[in-house]
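Asker: Right, I'll just put the structure down here and ask away after.
Just so it is clear, none of the values below were taken in a lab; they were calculated from the coordinates. What you see is a predicted model; the values in this text were computed from it and never measured. Backbone-built Cβ (ideal geometry, glycine too); neighbour counts: all protein chains shown.
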Amino acid sequence: MDQNADASFDPSKNYDEDTLAQQREIEKEIAASQAMVSQLHTFDEIVEEYSQEDAIYRQKIEDLKSRFKNLRKTRGDGNCFYRAFGFAYLEKLLNDGKEYKRFLDIAQKSKDELIGLGFPQFTLEDFHDTFMDVVKMVENPGTVDGLFQAFNDAGLSDYFVVYLRLLVSGHLQQNADSYVYFIDGERSVKEFCSQEVEPMGKESDHIHIVSLTKALQIAICVEYMDREGEKCNSFKFNPFESLADDTDTAPAFTLLYRPGHYDILYPL
Amino acid sequence: MAGSALKRLMAEYKQLTLNPPEGIIAGPVDEENFFEWEALIMGPQDTCFEGGVFPARLTFPSDYPLSPPKMKFTCEIFHPNIYADGRVCISILHAPGDDPMGYETSAERWSPVQSVEKILLSVVSMLSEPNDESAANVDAAKTWRDDRKGFEEIARVTVRKSLGL
């Protein structure tokens with residue numbers, strides 16, 4: 001940051017390239033040390049991540065332990081929300097044929113909707129095809145292990161994430177009037193989508209979660225673990241709440257939010 | 001990862017061959033390596049670059065299209081948005097956040113649904129309408145702003161050189 005003050009600062013040199021190269025290095029380190037989606041962890045393992053002095057977090061892990069059996073981590077690469085959402089949901093579909101049929105139908109139709117919004121057909125199809133290939137793994141091989149392999153294969157996992165990002169972007173653009181006041185800076189909804197939603201590695205906020213649950217009509221629960229209070233705060237994202245018929249609103253799955261990061265929780 | 005990049009690059013190459021955009025030819029330098037392309041860009045009509053044929057290299061990362069390629073002209077070209085060594089510096093070649101030139105927030109950025117064709121079309125419009133707000137070549141930006149006739153004269157010399165005249 002002090003490059004300008006440094007006597008060796010060379011204005012003809014392109015320092016941005018160095019900064020970008022350094023960012024790439026950090027990304028590589030994260031990729032080497034964290035699986036895109038991990039195996040199941042117990043809370044006895046998770047609690048060890050916090051020092052003995054960190055009473056608030058240790059207490060909150062105990063709270064989670066009283067309600068959840070396991071935690072599955074996702075890589076901290078800015079795509080964690082999408083990866084956690086995708087994995088947790090498809091894992092749930094392994095045991096819910098009716099919901100799988102409903103989702104398959106939404107997923108199929110979404111391609112034409114996105115093309116209708118102006119996404120280029122040629123490149124969109126590339127992502128949609130891979131997305132559908134991953135979704136259909138719910139049928140074949142139809143195992144958690146199959147999904148685990150797919151979500152740890154960058155070619156499949158990252159393409160899946162891209163398509164979820166496009167679905168969020170599509171929903172925001174289709175409902176721009178409802179979201180425009182929740183966007184920071186003097187940006188249009190379209191600008192927000194191209195800067196904060198569509199590019200890989202851009203982190204998710206409340207607005208992204210609301211959009212994805214609405215776009216796919218899936219209710220989810222998020223446990224917020226921060227320094228406030230004694231227990232985690234549960235927050236339900238229910239896309240059906242504005243409808244008169246809110247029969248099926250049990251959350252499909254629960255994610256854990258620790259500031260800046262999402263993982264998957266498995267109830268007792 | 002490189003597998004999906006290769007598949008995508010092969011599909012884009014096919015698309016560009018079947019439906020080439022006006023004034024652009026592009027494809028792999030060598031069909032054994034789809035991550036290194038050569039492009040020929042015709043100077044747009046009614047601009048000082050008209051009549052020129054400018055060769056450039058595109059280098060794709062192994063995680064393309066999640067990350068954008070890099071592009072570099074391999075000929076002499078004096079332009080506000082091209083570094084003296086030929087590197088092209090326009091917003092679509094950068095993801096948001098990778099902000100070497102402090103582009104305006106509304107400028108079009110790289111995202112995985114963009115394509116080689118979109119990049120090359122942006123380069124053609126860059127030739128027609130240099131952006132002197134975020135200049136990679138400060139001399140060229142100054143000349144473009146303060147001495148338009150001089151800029152056009154340099155461009156015409158470049159055009160002739162690009163044709164080997």
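Asker: Compute the Cα gyration tensor for region A:183-268, then decide on rounded, prolate or oblate, letting a ≥ b ≥ c be the square roots of its eigenvalues: rounded whenever a/c is under 1.5, prolate when a/b is larger than b/c in the other cases, and oblate in all that remain.
Answerer: It comes out oblate by the Cα gyration axes.
Asker: Would you give the gap between the C-alpha center of region A:191-216 and the C-alpha center of region A:16-75, rounded to a whole Å?
Answerer: Rounded to whole Å, the Cα centres lie 22 Å apart.
Asker: If Rh is defined by the Kirkwood formula over all Cα pairs and Rg also comes from Cα, what ratio Rg/Rh do you get for region B:2-162?
Answerer: Looking at region B:2-162, the ratio lands at 0.97.
Asker: Within chain A, which is the longest segment that contains none of the GluC sites (Glu not before Pro) sitting in a DSSP loop with at most 13 other Cβ atoms within 10 Å?
Answerer: Longest gap between qualifying sites, sites excluded: A:54-138.
Asker: Taking the Cα centre as origin and putting +1 on Lys and Arg beta-carbons and -1 on Asp and Glu beta-carbons, what dipole magnitude results for chain A, to the nearest 20 debye?
Answerer: In total the dipole reaches around 900 debye.
Asker: Using only the Cα atoms of region A:33-267, build the gyration tensor, take square roots of its eigenvalues as a ≥ b ≥ c, and label the shape rounded, prolate or oblate: rounded if a/c is under 1.5, else prolate if a/b is larger than b/c, else oblate.
Answerer: In terms of gyration-tensor shape, prolate.
Asker: Can you list residues whose amide H is under 5 Å from B:Glu38's amide H, if they're 5+ apart or on another chain and H is modeled 1.01 Å from N?
Answerer: Under 5 Å from the amide H of B:Glu38 lie the amide H atoms of B:Gly27, B:Val29, B:Leu58, each far enough along the sequence or on another chain.
Asker: Once phi is turned into ³J(HN,Hα) by the Karplus curve 6.51 cos²θ - 1.76 cosθ + 1.60 with θ = phi - 60°, what whole-Hz value does each residue of region A:113-125 show in order, with x for glycine and proline?
Answerer: Result, ordered by residue: 4, 5, 4, x, 7, x, 5, x, 4, 4, 7, 4, 4 Hz.
Asker: Then there is this: Taking a temperature of 20 °C and a viscosity of 1.002 mPa s, what whole-number D in µm²/s does Stokes-Einstein yield for the protein assembly as shown with Rh from Kirkwood over alpha carbon pairs?
Answerer: Taking Rh from Cα pairs, D becomes 89 µm²/s.
Asker: With an 8 Å Cα cut-off and a minimum separation of 6 or more residues, compute the relative contact order for region B:2-162 in percent.
Answerer: Relative contact order here is 22 percent.
Asker: For chain B, please report how many Lys pairs fall under 28 Å Cα to Cα, leaving out neighbours fewer than 8 apart on the same chain.
Answerer: Here the count comes out as 17.
Asker: Let me ask something else. Name the long-range amide H neighbours of A:Tyr262: under 5 Å, sequence gap of 5 or more, or other chain; modelled H, no Pro or chain starts.
Answerer: Result for A:Tyr262 returns A:Phe81.
Asker: Oh, and also: Once you charge only the Cβ atoms, +1 for Lys and Arg and -1 for Asp and Glu, what is the size of the charge dipole of region A:20-121 about its Cα centre, to the nearest 20 debye?
Answerer: Its charge dipole is roughly 520 debye.
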